[in-house]
Amino acid sequence: FMLLAGAAASHAELYFPHVTTIQGWQTEICIINPGATQIVGNLISYNKNGTQVNSQQVNVQANRRVQYNVATLANAATTDYIVYKNTGGWPVGYTKFTPSSGDRVAIPSPDNPSSGNIYVTHIAWNPWWTGIALVNTTTQTKNLTLRFNNGATRPINLGPRQKQVFQVAELFGWVAQPAIVSAVIENASGVVGLELFGSGNQLGG
């Protein structure tokens, strides 16, 4: 019921917080129009500093989907995240990551930035790695606090429209912290993100 009710309204942005085309990785983004009328919008690419590097009009017919291999978009090498800005309707989407070998994973695209805290509900350690990507969708600097379940904290500072991507182990000098299993990103209003897990050929998110 909630999905059907949501489709009757509209929102102005669909976020793909992390894309990559380096070291054999492929990123596919998809926009789906579940509505009865065409959605008109622009697919806008940004680098990690929040500078726009590409824009192209993308219209999605009723009950249709469009998908792109990010490597085929203009300025793909400098693209770090993508936003679909539409003028009506309620598109939904996903980002699909495929490494050079092994599993692939698709993650739903957020259509609303956080209004407060962001909850990191699982953190994995050896033999897994846990990666987080965060995008500041606002024009103001965001000073976030990453507070772990054991009380440890790490600051995260995001400039206007800036993106950061990191592995959790990186924040602890690459020393495993198995007692840490979750976290809260505080003061994250206006931020979107995603989380990836990897181990050998296995991938999750």
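State whether one or more residues within the range 74-81 are open to solvent by 20 Å² or more (accessible area, probe 1.4 Å), within 29 Å of Ser189 (Cβ to Cβ), at pLDDT 95 or above and in contact with a helix residue (DSSP H, G or I) (Cβ under 8 Å, 6 or more places away or on another chain). Checked against the condition, which is being open to solvent by 20 Å² or more (accessible area, probe 1.4 Å), within 29 Å of Ser189 (Cβ to Cβ), at pLDDT 95 or above and in contact with a helix residue (DSSP H, G or I) (Cβ under 8 Å, 6 or more places away or on another chain), the range 74-81 yields no hits at all.
In this structure, Ala188 does not satisfy being assigned to a strand (DSSP E or B), touching a Leu at 6+ places or on another chain (Cβ under 6 Å) and either open to solvent by less than 70 Å² (accessible area, probe 1.4 Å) or within 23 Å of Ser45 (Cα to Cα) (or both).
State yes or no: is Ala124 within 17 Å of the chain's Cα centre (by Cα) and either assigned to a strand (DSSP E or B) or in contact (Cβ under 8 Å) with a residue 24 or more places away in the chain (or both)?
Values: within 17 Å of the chain's Cα centre (by Cα): no; either assigned to a strand (DSSP E or B) or in contact (Cβ under 8 Å) with a residue 24 or more places away in the chain (or both): yes.
The answer is no for Ala124.
Apart from one condition, Gly193 fits all of (1) open to solvent by less than 40 Å² (accessible area, probe 1.4 Å); (2) part of a loop (DSSP other than H, G, I, E, B); (3) within 24 Å of Trp25 (Cα to Cα); the exception is (2). Number of residues in the range 92-109 that are open to solvent by less than 70 Å² (accessible area, probe 1.4 Å) and either modelled with pLDDT of 95 or more or not in a loop (DSSP other than H, G, I, E, B) (or both): the value is 11. When the range 18-65 is examined, which residues are found to be touching a Leu at 6+ places or on another chain (Cβ under 9 Å), surrounded by fewer than 18 Cβ atoms within 10 Å (Cβ to Cβ) and small (Gly, Ala, Ser)? Result: Ser55, single match.
Taken together, Asn42, Asn63, Asn54, Asn59 contain a single residue that is farther than 25 Å from Lys163 by Cα, outside any loop (DSSP other than H, G, I, E, B) and modelled with pLDDT of 95 or more, which is Asn59. Just to be sure, is Leu134 closer than 14 Å to Lys48 by Cβ and either among the aliphatic types (A, V, I, L, M) or part of a loop (DSSP other than H, G, I, E, B) (or both)? Criteria met by Leu134.
For the range 146-186, a residue qualifies if it is touching a Gly at 6+ places or on another chain (Cβ under 8 Å) and not aliphatic (A, V, I, L, M), and the qualifying residues are Gly159, Pro160, Arg161, Gln162, Lys163, Phe166, Gln167. For Thr37, the conditions (1) in a loop (DSSP other than H, G, I, E, B); (2) among the β-branched types (Val, Ile, Thr); (3) closer than 30 Å to Ser199 by Cβ are fulfilled apart from (3).
The values are calculated or read from the model by the stated rules, or taken from the named source; none is laboratory data. Small disclaimer: the values here were computed from a predicted structure and weren't measured. A quick note on method: Cβ atoms are made from the backbone with ideal geometry, for glycine too, and the neighbour counts reach across all protein chains shown. These area figures cover heavy atoms from the full protein model, side chains too; ligands, DNA and RNA do not enter into them. Shrake-Rupley method; radii C 1.70, N 1.55, O 1.52, S 1.80 Å.
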